[in-house]
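The values are calculated or read from the model by the stated rules, or taken from the named source; none is laboratory data. Note that the structure is a prediction, hence the values are computed from the model and not measured. Methodologically, a virtual Cβ is constructed for each residue, glycine included, from the backbone with ideal geometry; neighbour enumeration extends over all protein chains shown.
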Amino acid sequence: MTSHIEPFIELENLEKVFTVRRKAAGLFRREKSEVRAVDGISFAVERGEMVGYIGPNGAGKSTTIKMLTGILTPSGGRLRVAGIDPARERTRLAQRIGVVFGQRTTLWWDLPLKDSYRLMHRMYRIPDARFRENLDRCVELLELGELLDVPVRQLSLGQRMRGDIAAALLHDPEVLYLDEPTIGLDVVSKARVREFLSHLNTTQGTTVLLTTHDLTDIEQLCSRVMVIDHGRLMYDGKLSGLHAVGESERLLVVDLERELPPIDVPGARFVRSEGPRQWLAFPATASAAPLVAEVAAAYPLIDLSVREPDIETVIAKMYGGTRDERRESLM
Amino acid sequence: MVAGMWIRSTMTYRASFLITLFTNFCVTFFDFVAILLMFGQVKGLGGFAFAEVALLYGTAGTAFGIADLTMGSLQRMGARVRDGSLDTFLLRPAPLLAQIAGDKFALKRFGRVAQGLVVLIWSLCLLDVAWTPLKVLLLPVAVVSGAVIFGAVMVVGASVLFWIQDAAEVTNSFTYGGNTLLQYPPTIFAQDLVRGVVYVVPLAFVNWLPALYVLDRPAPAGVPEWAAFASPLVAAVLCGVAGLAWRAGVRAYRSTGS
Ligand SMILES: Nc1ncnc2c1ncn2[C@@H]1O[C@H](COP(=O)(O)OP(=O)(O)OP(=O)(O)O)[C@@H](O)[C@H]1O
Ligand SMILES: [Mg+2]
C-alpha cells in the first residue's frame, strides 16, 4: 500500500563505480582505476510520467537503466522501483517492468517473432486473453503482421526494434525503460515508434523512461527531461526550462537600410554583421517586443526576424561546451 | 517447452542439426567401445578387480552425466559475461541459474548418462558382493548425491566466470578432471591427491567412499567408515556454498559499456 505514497521510481544518491584495470608499464603490472559511471544521482518519477533521460556519450544513462532493472547492483545509494529493490528481487520486479535496449535484442535470435512471443507468454505467465489482446494491439500499431513468421536474425534493425518493443509490453508492465529505442531508425520508423509510445502512455498509463540522442524524441514525447553528465544529474524539469538554465539566447536578425556600425541597445548583445544585416542576441527568457520597438525607433529598419535557440545547442552547451563554442554555433 | 523450441530452432539449420546428431552419436558410441576394450584388456587396477573398477567408473560416470546434463551449459557462460548478453537473461522473471542451465540443451549429454548407467548395471551383474539392505540403499543415494556434488562444483566454477571470464579451463579441470579421477581406484593415485579430493574439493563423496563401502574395502586417507554415508550431507553443504558463490557472482556482474 506504500506505493500510493511513495513515488513509483525513487533514486537516492545512487552510485555505480566500475574498477577497471589498465595495462601499465611492465609485463604483469596493472593499474587499477575507478570509473564513477553514476556518481550520486537522486530523482523520483511518478506513475504515468514520461521522462527523457539524456546526456552525452558515457554520461551514465545505460548504467542507470541497468541498475533500475536489476542487471547491475549499485555500488551505493538507495533505489526502489514499485517499492522493490531491483538487485535484490530481480525476478519479482521483472514481471512488472518492460525493457528495450536499442543496441541488443531480447528476442530469440533463431526463432520467428511469433515463437519468441509465445515463449514470453509462458515465461511471464500471461493470462491467455491478456496475451492475445496485447499481441493484437502491438501487431496492429507497430505493423508487425507480416513479420511474425520471420526469424529474428532476418529482421532489419527497424523491424527488430518494433518487435522488441512489442515483446517488452506483452505482460502489461507498469513501467517501460527504453535505452535508445530510435537508434539507427529511419524517419518513418522513428515516427511510428514515437506515436506508439505516446499512445501507450496516454491509453495504458504506462510510465516511460527513455534515453536517446535524438532530441526530437524528447520534444515530441516527454514533458520532463533529465540531463546527466559524468554520472551527475545536471537538470531535471520541463524541456522548455532548459533554456533558462542553459542561459540560452534568442537571435534577432535585423535588416537595415544600409551598412551601419553595430547596433547598441540595452538588453541585447551584438553578435556580428554582414553588410546591412546584423545579428543581435538576447536572453531566451526575455520578450522580444520591447527590443524590437527600441531597434525600430533608433535605426532605419527594413525587416527583422527572431530565431529561436536550437535545443540541441542549449544541451550541447550544458554538456560542457564553452561560451565560445556556443557563440559559434549560434551563428 | 523450451527444449521443444530449441529443437525447432536447431531444425532451421536442418543439415547442421543432422550432422551434429550423427557426430554426437558416433562420439558417444566410440567412447563406449573404447571403455569396453579397456576393460577387456585390463584385468585389474591398483588391486581392484575388473568389476570393481567398472563400479567406480559407472557410478562416477552416471553422477557426472546427470550433473552435466542439467548444468553443462554453465561452462559456456564466460562468453555471455564478457559480451554482456547475460543482460537479457537478467531481465526475465525466472532464476538466472535455471535459464542458463536450460540455455543450450545438447543431445550428446544424454549419451553420457546412458554410457555411465550401462557400465554401472554391467558391473553390478558381475560383482561378487555380500549385499546388505544398507548397501543396496547406499548406491542410488550416492549416485544422486554425487550428481548434486558435481552440479554444485559446476555452479561454483561458473560463479568464478563473473570475475574471470577465461577461468572455464581451470574450473572444468575440477569437474571433467574430477570425473576422470573418480573412475579409477584411489589406490593408484598419490596420497596427497586423494586427500585433496576428500578434504578440499570433496569429490571423493561422489563415489569413492560409498563404493568402497559397498566393496568392503577400507576408505582412503584415514576417513572413518561412516563417511561413506555422508554424501547427502556433503552435497547439501556444497549446494549452500554454490548458492553463496553464485549470488556474489551475479552481484559482481558488470555488463558491458555498450
Ligand atoms: N561494464 C563496464 N565496465 C567498465 N566501465 C563501464 C562499464 N559499463 C559502463 N562503463 C563506463 O561507465 C560510463 C558510463 O557508461 P554508460 O554506458 O552508462 O554511458 P551512456 O550514458 O549510456 O553513454 P552512451 O550515450 O554512449 O550510450 C562510461 O565511462 C563507461 O566507460
Ligand atoms: Mg548507453
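Quick look at the numbers
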| item | result |
| --- | --- |
| Residues of the range B:88-130 satisfying the condition of being within 14 Å of chain A (Cβ to nearest Cβ) and in contact with a Phe, Trp or Tyr (Cβ under 7 Å, 6 or more places away or on another chain) | B:P93, B:L96, B:L97, B:Q99, B:I100, B:F105 |
| Among the residues listed as A:G83, A:G145, the single one being modelled with pLDDT under 95, at positive phi and away from ligand 1 (no atom under 16 Å from the Cβ) | A:G83 |
| Count of the range A:69-80 residues which are within 11 Å of chain B (Cβ to nearest Cβ) and either under 22 Å from the mean Cα position of the chain (by Cα) or at positive phi (or both) | 5 |
| Matching residues in the range A:103-120 - criterion: being in contact with a strand residue (DSSP E or B) (Cβ under 6 Å, 6 or more places away or on another chain) and more than 10 Å from chain B (Cβ to nearest Cβ) | none |
| Residue in the range A:38-48 that is more than 10 Å from every other protein chain (Cβ to nearest Cβ), modelled with pLDDT under 90 and within 20 Å of A:T212 (Cα to Cα) present | no |
| Qualifying residue in the range B:5-28 (condition: within 12 Å of chain A (Cβ to nearest Cβ), part of a helix (DSSP H, G or I) and either modelled with pLDDT of 70 or more or out of contact with any helix residue (DSSP H, G or I) (no Cβ under 9 Å at 6 or more places or on another chain) (or both)) | yes |
| Residue among A:T203, A:T216 that is away from ligand 1 (no atom under 12 Å from the Cβ) and more than 15 Å from the chain's Cα centre (by Cα) | A:T203 |
| B:R109 being of a type outside the set (F, W, Y), surrounded by 15 or more Cβ atoms within 10 Å (Cβ to Cβ), out of contact with any strand residue (DSSP E or B) (no Cβ under 9 Å at 6 or more places or on another chain) and modelled with pLDDT under 90 | yes |
| Near pairs, Cβ below 7 angstrom, 6+ apart or cross-chain, from the range B:235-258 (within 25 Å of A:V17 (Cα to Cα) and within 16 Å of ligand 2 (Cβ to nearest atom)) to any residue that is outside any loop (DSSP other than H, G, I, E, B) and not aromatic (F, W, Y) | B:S255/A:K66; B:S255/B:D87; B:T256/B:D83 |
| Failed criterion for A:A129 (all others in (1) on the phi > 0 side of the Ramachandran plot; (2) out of contact with any Asp or Glu (no Cβ under 9 Å at 6 or more places or on another chain) hold) | (1) |
| The lone exception for A:R160 - which of (1) more than 16 Å from ligand 2 (Cβ to nearest atom); (2) surrounded by fewer than 19 Cβ atoms within 10 Å (Cβ to Cβ); (3) of a type in the set (K, R) it fails | (2) |
| Hits in the range A:170-203 - residues which are of a type in the set (V, I, T) and out of contact with any Asp or Glu (no Cβ under 7 Å at 6 or more places or on another chain) | A:V175, A:I183, A:V187, A:V188, A:V193, A:T202, A:T203 |
| Condition met for B:P185 (at pLDDT 90 or above, under 24 Å from B:F48 (Cβ atoms) and under 18 Å from the mean Cα position of the chain (by Cα)) | no |
